[in-house]
């Protein structure tokens, strides 16, 4: 049952890919003829068969005198790459966190990443690469892999190689695979417990006029070179912003969001090198409280919950050439069988994904665990 | 895409009718397109699609089917090396489709066998046939045929195996898929042969050699493909086999070669795309279930793909584990798989539905295993199952479901406290009054924890539920549902008793103004409290007393509130003793309600309850409502609220589809004006004083129809005619007629108020009472308001002279406003029409048609044109200027309501025709 559903979903995805080039679909659109051809091949008897559009496109091409390969080649890589060989491996790490500034709720930080790979290589070589982490950080855990992966270390092992820069031993996880031609996600990983990269405090009080203070401190191990770093402070159930006063420090880059209901504080590329701390203090005045109709429009649970002092701010940032877990691909560990010459490109980045700081003076949404939290006493 | 495709697909029959052709002709045309060199590949593919999709309609004749099959086969033979690969492949698909779907399957068996031979010939040309799409499609066609007629290819499995080994290009998976399917059916055949009666000629020796000989041969097949004997019967047996190990091949069967074949498939699995891998592994699993082979050969697949994030493969591996509970994994492997499953259930990179499926698999495996393995694993390993703030509601639910199962017998206080803190956190949105998914989640979890954990947790849940009710009475329905579920599933009344008594005590402390804020919910709670044996009845009674005596509910007279109060009082009647102060209080409250509640229904019911309370003893009442057989219905009725909408609506109204009445229009007479205007100014003044509506009095005659059903009496009573509404008219009032007898004609006048003078039609429904007392309803012929009936003569003195002036005035006014656009409210418009009618004939027609309606019609002029002025109440005009143009007439139209133009055009066309 579930494989059938998944096959149907992959067929729909294939259909979307075929139609993706169409700006506007009309009965005369060539994409519709293409779609029909795609369906003829992908589901000749109604049930999905091979649904990858690029593989199917390759099948249609009729080449005379095509020689039979000496060994069986993967069906998921029908085409043979011609040109200079290139291997591009990129680690995209995401961090999401919720900070409460409360004694009874622990702050939460989740760190997870994906290794994206594009292998334009002649032949069908097997690739082996090592994902390494420094020994002082938590191991890469919870590895889930692409179906082309032949083997991967279930547990991290102490690597033979040492880091070129620090000469410290690394833990590594070896992954062996044979890659398809298109870009694919080689594996996903998670690291726990994760370090909170930017510790933050958000304090806000007031009614029609509020005073708020945001303080952020970058952890010393984090690369202080952001592609972007900004704080968005949304205001729910308060009407639109009439004016902002008493901005401190005065040099900060602060603007009102396009909906007039949020502030956007652009921190820039770096935190101050010495202190690694930034702060913002501002007074915000709102026009008037929104009507009931306006309130109804805010349908999300967050928006409904954010009444009175219940509020939060969100951090958006991206750091290139850095991973919070310390995860990297050791270029010396990459081996190809059979060996060929290729150009290697490695990349890594850390991006925030839902990085929230709740107001210290308000209540917050969260799921604490194994903690003795008394139910709010309302009756007595 | 060719329009032919759309037209035919939407309605084949109307397509044939429209194109004046028949099925035979169309099929010939389609075949001609397929043979044609100058037609596009897209069109040809569409034609093949039409044949596949509408084969049953187009080829319902055996001769036509044979013609099409023969033609398609010829196309393959002749164009195989030259035509586009996709076209050729779709021809193969179409032939397969037609052969398998036809109603003449038995008749076309020779064609089928011949086609299988052709397909085999295509797939055998591994090296010479470079058209890989054609070969892969031929494999798919053979697989489809084998799936439809399982066992057909049994005798050539070895031959297929040879081809699988030889094919190295990317299409090898199609060969493997075909081979796996045929092999699976072959093994199933061997398994079921000893279990069937003597339907098949095979003896034991044949059976035992089937797998050995058929699988591995010299690599050649007979020149002509021959199906196995009795393959139809065999295929039905194979198709019915379930996916389990109930039927196996005999132990004596040599399976060594079978093992080699399976190993070959398993070893090459990593080269297949996901869909083929899933299909082939499914076949391999089925083969192993049918054989006595050990599933351990699948272990490598299981361990490799169980950490794969592809949901299809991953599910397949778990299905494998469930099917082969023993013999595939040792304890260490089990632990690895379990760990991976737990990882999947909380992995932030995976979509939430995949995490949810992972947890459901965990629960499934936990239930399947004889021992509860989750509770024995290291708590660190269970970390991904810990609920976190980022979890979607569904994931949170599944995680807590799993964890509560693991820790249900735990005596660790920290863990129980942890569960409590989760509840505490989840109640926060509800304390802010947020309903929807957070509310559903919390109540589900409260029920789960109440059923799972001990008394300490139960008390905590009661407190959470009470807190929510106190903070937001809007959650009363959910809380009452929770209490009802707990008492039903666990036969536990203490929960509802404790929550209700706590909340009711709090309600007692409220000021009346606070109590009235969410009164409907508080009254629901009072009713529930009155029902509960755990709550002292005096408490809800005191709350009700406060509401009735101290608030203004009686003066306001809201029926819903009154009904809720009566429901609570009625429930209390059952439990309160009939003597003593409580009964007096109850009687007083009912008396107050019966005297002062503004709604008459509530007053009446309060009086009835009071009478019952005063006349029926408490014992009798309780017995009546709770013990006897009849009482269960009565009790339900009381519980549900007497006289509220839970009672079924009486079905005494009989609906008659034919009309019982004949309604005929009598002669329509136009209104006569009581005054007349002396000049244009006077007329303009009169128009401005006209109301915005105009009443049309339509005289009609109604009588009983002779075609009425026999059971309808010859005299019907209380006849009510109800009219439908129309956007330009006010809904006409109902017309009531005391009675109508057969042969009697009753004159009625239907008064219809027009807002805009547009033609309209009014549907009429008749309701009457038959002489046996039944109420019946039937439709009547609709009343039509025709356009010409709306024409009136303007009230002018010295009509001709004044009308001329008025015509010129209005024409100039409309033209002026139309051109200047100075008047924003201008609704006027000018238009021109040419009528295929001579000048003289048009004039005669107008005189003929318009005279009965007394409009202004200027006589023929010498210069060759004449004018018409029509007045349409309440204050609109139509002006016509007619002039000759050879044999036709040109009519210029001006109106002060542009929406009239289409009606004018239609009316003029009717005149000219």
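The values are calculated or read from the model by the stated rules, or taken from the named source; none is laboratory data. Since the structure is predicted, the reported quantities are computational estimates derived from the model, not experimental observations. Virtual Cβ from ideal backbone geometry, glycine too; neighbours counted across all protein chains shown.
Summed over region B:408-446, residues that are more than 7 Å from chain A (Cβ to nearest Cβ), under 38 Å from the mean Cα position of the chain (by Cα) and without any contact (Cβ under 8 Å) to a residue 40 or more places away in the chain total 6. Of all residues in region B:55-84, those being part of a loop (DSSP other than H, G, I, E, B), buried (at least 16 other Cβ atoms within 10 Å of the Cβ) and within 42 Å of the chain's Cα centre (by Cα) number 1.
Between B:872, B:897, B:880, B:857, the distinction of being at pLDDT below 80, crowded, with 17+ Cβ neighbours inside 10 Å and under 30 Å from residue B:692 (Cβ atoms) belongs to B:857 only.
Residue pairs whose Cβ atoms lie under 8 Å apart, separated by 6 or more positions or on different chains, with the first residue in region B:811-826 and more than 19 Å from residue B:871 (Cα to Cα) and the second at pLDDT 70 or above and part of a helix (DSSP H, G or I), are B:823/B:817. Scanning region A:275-312 for residues that are part of a loop (DSSP other than H, G, I, E, B), at pLDDT 90 or above and either farther than 23 Å from residue B:431 by Cβ or under 25 Å from the mean Cα position of the chain (by Cα) (or both) yields A:275, A:276, A:311. For region A:322-367, residues that are free of Cβ contacts under 8 Å to residues at least 40 places away in the same chain and crowded, with 18+ Cβ neighbours inside 10 Å total 1. Taken over region A:106-128, the criterion of being part of a strand (DSSP E or B) and more than 22 Å from the chain's Cα centre (by Cα) is satisfied by A:120, A:126, A:127, A:128.
Here is a yes/no grid of residues against (1) without any contact (Cβ under 8 Å) to a residue 24 or more places away in the chain; (2) farther than 22 Å from residue B:481 by Cβ:
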residue	(1), (2)
B:496	no, no
B:499	no, no
B:516	no, yes
B:534	no, no
B:543	no, no
B:562	no, yes
B:572	no, yes
B:580	yes, yes
B:584	yes, yes
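Checking every residue in region A:64-79 against the condition of being within 10 Å of another protein chain (Cβ to nearest Cβ), within 33 Å of the chain's Cα centre (by Cα) and exposed (fewer than 14 other Cβ atoms within 10 Å of the Cβ) gives zero matches. Residues in region B:546-576 that are surrounded by fewer than 17 Cβ atoms within 10 Å (Cβ to Cβ) and touching a helix residue (DSSP H, G or I) at 6+ places or on another chain (Cβ under 6 Å): B:550, B:551.
Picking from residues in region A:94-108 that are surrounded by fewer than 18 Cβ atoms within 10 Å (Cβ to Cβ) and either touching a residue at least 12 places away in the same chain (Cβ under 8 Å) or within 12 Å of chain B (Cβ to nearest Cβ) (or both), the one that is nearest to residue A:195 (Cα to Cα) is A:107. Residue B:94 meets the conditions (1) modelled with pLDDT of 90 or more; (2) closer than 20 Å to residue B:178 by Cβ; (3) over 36 Å from the mean Cα position of the chain (by Cα) in every case but one. The failed one is (3). In the condition set (1) at negative phi; (2) surrounded by fewer than 20 Cβ atoms within 10 Å (Cβ to Cβ), residue B:764 is compliant with all but (2). In the set B:584, B:654, only one residue is modelled with pLDDT of 80 or more and in contact with a strand residue (DSSP E or B) (Cβ under 8 Å, 6 or more places away or on another chain); that residue is B:654. May I ask you to verify whether residue B:504 is within 13 Å of chain A (Cβ to nearest Cβ), closer than 22 Å to residue B:531 by Cα and modelled with pLDDT of 90 or more? Yes, satisfied. Right, residue A:319: modelled with pLDDT of 95 or more and either in contact with a strand residue (DSSP E or B) (Cβ under 6 Å, 6 or more places away or on another chain) or within 30 Å of residue A:152 (Cβ to Cβ) (or both) or not? Yes: the conditions hold for residue A:319. Residue B:180 fulfils the conditions (1) within 10 Å of chain A (Cβ to nearest Cβ); (2) touching a residue at least 60 places away in the same chain (Cβ under 8 Å) except for a single criterion, (1).
Condition check ((1) more than 27 Å from residue B:285 (Cβ to Cβ); (2) surrounded by fewer than 22 Cβ atoms within 10 Å (Cβ to Cβ); (3) away from chain A (no Cβ under 14 Å)) across all residues:
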{"position": "B:117", "(1), (2), (3)": "yes, yes, yes"}
{"position": "B:121", "(1), (2), (3)": "yes, yes, yes"}
{"position": "B:126", "(1), (2), (3)": "yes, yes, no"}
{"position": "B:139", "(1), (2), (3)": "no, no, no"}
{"position": "B:150", "(1), (2), (3)": "no, no, yes"}
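Matching residues to (1) outside the structural domain of residue B:239 (by TED's automatic domain parsing); (2) in contact (Cβ under 8 Å) with a residue 24 or more places away in the chain:
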site	(1), (2)
B:279	no, yes
B:287	no, yes
B:302	yes, yes
B:326	yes, no
B:339	yes, yes
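Of the helices (runs of 4 or more DSSP H) lying entirely inside region B:495-599, those containing at least 1 residues that are within 21 Å of residue B:477 (Cα to Cα) are B:512-515, B:519-531, B:538-550, B:559-575.
Restrict the check to region B:394-404 and report whether at least one residue is surrounded by fewer than 20 Cβ atoms within 10 Å (Cβ to Cβ), free of Cβ contacts under 8 Å to residues at least 40 places away in the same chain and either more than 10 Å from chain A (Cβ to nearest Cβ) or in a helix (DSSP H, G or I) (or both). No, region B:394-404 has no match at all.
Among the residues here, residue A:91 does not qualify as surrounded by 19 or more Cβ atoms within 10 Å (Cβ to Cβ), over 29 Å from residue A:5 (Cβ atoms) and modelled with pLDDT under 85. If you go through region A:8-23 and keep only what is closer than 15 Å to residue A:55 by Cβ and within 13 Å of chain B (Cβ to nearest Cβ), you end up with A:10, A:11, A:13, A:14.
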